[in-house]
Amino acid sequence: MEHYYQPEIECAPREEIVRLQNERLVKQIRRVWDNVPYYRKKMEDHGVTPDDIKTVDDLHKLPFLSKSDLRDAYPYGLLGTPLRDAVRIQSTSGTTGKRVVAFYTRHDIDLWEDCCARAICAAGGTNEDVCQVSYGYGLFTGGPGLNGGSHKVGCLTVPTSSGNTDRQIMFIQDLGATILCCTPSYAAYLGERMKEMGLGPDDIPLKAGIFGAEAWSEEMRRDIQNTLGIKAYDIYGLTELSGPGVAFECSDQHGMHINEDHFIAEIIDPDTGEVLPEGTEGELVFTAIDKEAFPMIRYRTRDICSLSREKCSCGRTHVRMSKPKGRSDDMLIIRGVNVFPSQIETVLLNHGYAANYQIIVDRVNNTDTFDVQVEMTPEMFTDNVGEIESRQRDLSAGLQSMLGIKAKVSLVAPKSIVRSEGKAVRVIDKRKI
């Protein structure tokens with residue numbers, strides 16, 4: 001039996017969705033033109049005015065927004081309302097240490113929580129459930145989004161945040177948690193730890209999990225489902241668009257339904273920016289049509305996927321996106337955190353190292369490992385072990401404060417990182433995803 005949070009929207013006829021999108025898009029473009037000088041200038045440079053936008057079919061006339069715009073306009077340049085109307089920020093790391101800061105009005109938070117509530121209902125959640133939210137809280141969007149969605153559904157919400165695994169397992173058992181929300185790698189880790197404690201799927205009350213914020217394979221899904229004895233649902237989102245709940249999986253587990261009453265999705269050619277026909281794989285672009293404080297228009301997500309309008313057995317009529325296959329930029333997602341090589345370079349340069357380094361990412365026991373090898377310069381080269389260890393600790397602390405996650409740093413001899421055709425291979429990602 002499929003559950004819906006807002007069936008009248010989630011199962012609305014196609015023409016109703018398009019009517020809503022047209023109406024909201026026209027209004028949003030006018031609002032952004034009037035209130036966001038940064039984007040208005042982009043539109044003027046692009047030779048387009050709000051009068052040119054009459055329906056969704058005119059979307060392609062508008063300029064894109066990208067990560068670099070967010071950096072250039074930081075912190076308030078893309079704010080779409082007076083500051084007094086914004087009540088909260090969430091944030092994620094940007095490419096060179098300038099963070100992405102997204103703003104929310106009360107209304108924005110309300111809509112975001114609705115989207116997360118839809119995802120919880122799609123995973124079978126009702127007000128009878130106990131929902132344990134083990135995503136990080138604070139600036140990260142995972143915890144706050146699903147926390148709010150869980151409240152709206154009426155679940156008993158257990159805001160454990162991430163980490164402290166044995167306590168997580170105690171709450172799952174003692175409070176009878178039936179839905180778990182966290183990153184897939186943390187779910188896998190919880191499963192391993194439970195096994196070590198002699199707990200099998202029948203010893204825990206969980207029935208469903210909502211996992212996102214990092215790439216995960218169908219194999220990993222099967223493993224998690226078997227270890228925890230649950231059905232594992234994918235969820236997609238990004239801070240720039242509000243957070244998790246932009247799209248979510250239903251019981252069909254075949255692509256994620258995009259909340260099209262709030263977000264219009266396009267697929268473009270990452271090189272030319274041309275809009276591609278439906279079903280083609282390309283870069284996902286989103287327009288937020290009713291966000292007030294941070295109205296992203298044609299935002300390039302850098303995620304590569306495809307869209308499908310095939311009828312879904314769950315009864316929802318919103319378009320589905322495939323699991324993102326990879327990215328059209330150099331961002332890595334390690335333990336749910338965005339990491340850009342450029343951030344690592346920034347830290348190395350600030351510590352007096354040349355940017356000769358290699359990032360090695362792997363997944364051991366379902367947890368991402370993150371090693372950074374850094375060449376010493378000839379001037380600083382030493383074989384004094386104590387000296388090397390102390391420098392490694394310094395760099396590790398610098399990286400942790402920039403990235404928000406811990407990296408294992410190894411200093412290596414000058415010229416020992418292989419150069420290939422003059423360009424070093426910066427990232428070795430051994431994860432099988």
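Remarks
- Identity of the residue in segment 386-426, of a type in the set (Val, Ile, Thr) and modelled with pLDDT of 90 or more, that ends up farthest from ARG222 (Cα to Cα): ILE388
- Conditions (1) without any contact (Cβ under 8 Å) to a residue 60 or more places away in the chain; (2) farther than 20 Å from VAL337 by Cα; (3) in a helix (DSSP H, G or I): number failed by LEU206: (3)
- When segment 274-304 is filtered for residues that are at pLDDT below 95, surrounded by 18 or more Cβ atoms within 10 Å (Cβ to Cβ) and either of a type in the set (A, V, I, L, M) or in contact with a Gly (Cβ under 9 Å, 6 or more places away or on another chain) (or both), only ASP303 remains.
- Number of residues in segment 339-379 that are in a strand (DSSP E or B) and within 30 Å of GLY191 (Cα to Cα) equals 13.
- There is at least one residue in segment 70-80 that is small (Gly, Ala, Ser), under 22 Å from ASP108 (Cα atoms) and in contact (Cβ under 8 Å) with a residue 60 or more places away in the chain.
- Of all residues in segment 154-172 being in contact with a strand residue (DSSP E or B) (Cβ under 8 Å, 6 or more places away or on another chain) and outside any helix (DSSP H, G or I), the one that is nearest to GLU192 (Cα to Cα): SER162
- The lone exception for THR382 - which of (1) at pLDDT 90 or above; (2) in a loop (DSSP other than H, G, I, E, B); (3) farther than 27 Å from ARG71 by Cβ it fails: (1)
- Residue in segment 263-285 that is of a type in the set (Gly, Ala, Ser), closer than 19 Å to HIS60 by Cα and not in a strand (DSSP E or B) present: yes
- Exclusive hit being part of a loop (DSSP other than H, G, I, E, B), surrounded by fewer than 19 Cβ atoms within 10 Å (Cβ to Cβ), modelled with pLDDT under 95 and on the phi < 0 side of the Ramachandran plot, set LYS54, LYS98: LYS98
- All conditions but one from (1) in contact (Cβ under 8 Å) with a residue 12 or more places away in the chain; (2) outside any helix (DSSP H, G or I); (3) farther than 30 Å from ASP269 by Cβ apply to ARG391; the one that does not is (2).
- Search result, residues across segment 345-372 that are crowded, with 16+ Cβ neighbours inside 10 Å and within 20 Å of the chain's Cα centre (by Cα): VAL361, ARG363, ASN366, ASP368, THR369, PHE370
- For segment 249-273, the set of residues classified as acidic (Asp, Glu) and farther than 16 Å from ILE297 by Cα consists of GLU249, ASP252, ASP269, ASP271, listed by residue number.
For every residue, the table says whether it meets (1) touching a Ser or Thr at 6+ places or on another chain (Cβ under 7 Å); (2) more than 28 Å from PRO75 (Cα to Cα); (3) not assigned by TED's automatic domain parsing to the domain that holds THR92.
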site	(1), (2), (3)
THR239	yes, no, no
VAL246	no, no, no
GLU249	no, yes, no
GLU266	no, no, no
ASP269	no, yes, no
ILE289	no, no, no
ARG300	yes, no, no
ARG316	no, yes, no
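- Any chance GLY149 is in a strand (DSSP E or B), under 23 Å from the mean Cα position of the chain (by Cα) and buried (at least 21 other Cβ atoms within 10 Å of the Cβ): no
- Summed over segment 160-189, residues that are closer than 18 Å to PRO205 by Cβ, surrounded by fewer than 20 Cβ atoms within 10 Å (Cβ to Cβ) and in contact (Cβ under 8 Å) with a residue 12 or more places away in the chain total 7.
- Some residue of segment 252-273 being surrounded by 16 or more Cβ atoms within 10 Å (Cβ to Cβ), more than 30 Å from LYS98 (Cα to Cα), modelled with pLDDT under 95 and of a type in the set (Asp, Glu): no
- Here HIS60 meets the list (1) surrounded by fewer than 16 Cβ atoms within 10 Å (Cβ to Cβ); (2) under 17 Å from ILE289 (Cα atoms); (3) more than 27 Å from the chain's Cα centre (by Cα); (4) not aromatic (Phe, Trp, Tyr) almost entirely, failing just condition (3).
The values are calculated or read from the model by the stated rules, or taken from the named source; none is laboratory data. Because the structure is predicted, anything quoted here is derived from the model rather than measured. All Cβ positions, glycine included, derive from the backbone under ideal geometry; neighbour counts span all protein chains shown.
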